[in-house]
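Engineer: Take a look at the following structure, please.
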């Protein structure tokens, strides 16, 4: 079932899929989806389901462009690693202004005090304190908990006949084994 459906801006020609704690400091954990659809509207979808003893959890984080068609071809395009229990999707033009996740400031780790801030703690506030454990940070970053927590998760991309990405999904149902 879909828990959330929220408009999001993906600014740039590449979408970055990663744990929010890795935007600035670990390129090997960042997955880039190149040639992302420009213009039009993007929507974040968060799908939830019951996951055995875990109960109801986020099972998929998706961003979908208004031009997406059932005829678009999907592919498993890679994996993204997580060790903060959350995943995000953001356009490459907004990554540069995302604050350093380890610069907690004088009050230490305090997500609630960073509510709405475009930084790691702002993302944590959404995944830790929102009932749906997901949302859009500053209109430009889709963020959600990863259902089962840390691991390596598969990323799927749907492309139109011109090879432009119109949908990106991260599946938290099956954790991929790290190589």
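The values are calculated or read from the model by the stated rules, or taken from the named source; none is laboratory data. What you are looking at is a predicted structure, and each value in this text was computed from that prediction instead of being measured. In this analysis, Cβ positions are derived from the backbone assuming ideal geometry, glycine residues included, and neighbour counts consider all displayed protein chains.
Engineer: Determine which single condition residue 144 fails, assuming it passes every other condition in (1) over 19 Å from residue 8 (Cβ atoms); (2) surrounded by 22 or more Cβ atoms within 10 Å (Cβ to Cβ); (3) in contact with a helix residue (DSSP H, G or I) (Cβ under 7 Å, 6 or more places away or on another chain).
Structural biologist: Unmet condition: (1).
Engineer: Looking at this structure, is residue 19 surrounded by fewer than 18 Cβ atoms within 10 Å (Cβ to Cβ), touching a strand residue (DSSP E or B) at 6+ places or on another chain (Cβ under 9 Å) and closer than 20 Å to residue 154 by Cβ?
Structural biologist: no
Engineer: Among all residue pairs at least 6 apart or on different chains, which show Cβ distances below 7 Å where the first residue, located in the stretch 104-126, is on the phi > 0 side of the Ramachandran plot and the second is buried (at least 20 other Cβ atoms within 10 Å of the Cβ)?
Structural biologist: Listed by first residue and then by second, the contacts come to 116/122.
Engineer: If a residue has to be over 16 Å from residue 168 (Cβ atoms) and buried (at least 19 other Cβ atoms within 10 Å of the Cβ) to count, how many in the stretch 87-110 make the cut?
Structural biologist: Of the residues in the stretch 87-110, 2 are over 16 Å from residue 168 (Cβ atoms) and buried (at least 19 other Cβ atoms within 10 Å of the Cβ).
Engineer: Before we move on, is residue 29 under 26 Å from residue 109 (Cβ atoms), at pLDDT below 90, surrounded by fewer than 20 Cβ atoms within 10 Å (Cβ to Cβ) and in contact with a strand residue (DSSP E or B) (Cβ under 6 Å, 6 or more places away or on another chain)?
Structural biologist: yes
Engineer: Would it be correct to say that residue 164 is touching a residue at least 12 places away in the same chain (Cβ under 8 Å) and surrounded by fewer than 19 Cβ atoms within 10 Å (Cβ to Cβ)?
Structural biologist: In short, yes.
Engineer: Kindly evaluate residue 84 against the criterion of being more than 22 Å from residue 42 (Cβ to Cβ), within 15 Å of the chain's Cα centre (by Cα) and surrounded by 14 or more Cβ atoms within 10 Å (Cβ to Cβ).
Structural biologist: yes
Engineer: Something else now. Could you figure out which of (1) at pLDDT 95 or above; (2) closer than 18 Å to residue 8 by Cα isn't true of residue 39?
Structural biologist: (1)
Engineer: Moving on to the next point. Any idea which of 56, 96 is free of Cβ contacts under 8 Å to residues at least 24 places away in the same chain and either in contact with a helix residue (DSSP H, G or I) (Cβ under 9 Å, 6 or more places away or on another chain) or within 18 Å of residue 21 (Cα to Cα) (or both)?
Structural biologist: 96
Engineer: Please indicate, with yes or no, whether at least one residue in the stretch 111-131 is assigned to a loop (DSSP other than H, G, I, E, B), out of contact with any helix residue (DSSP H, G or I) (no Cβ under 7 Å at 6 or more places or on another chain) and exposed (fewer than 13 other Cβ atoms within 10 Å of the Cβ).
Structural biologist: yes
Engineer: Ok, one more. With the structure loaded, tell me whether residue 19 is touching a residue at least 40 places away in the same chain (Cβ under 8 Å), over 12 Å from the mean Cα position of the chain (by Cα) and within 22 Å of residue 173 (Cα to Cα) or whether it fails that test.
Structural biologist: Answer is no for this residue.
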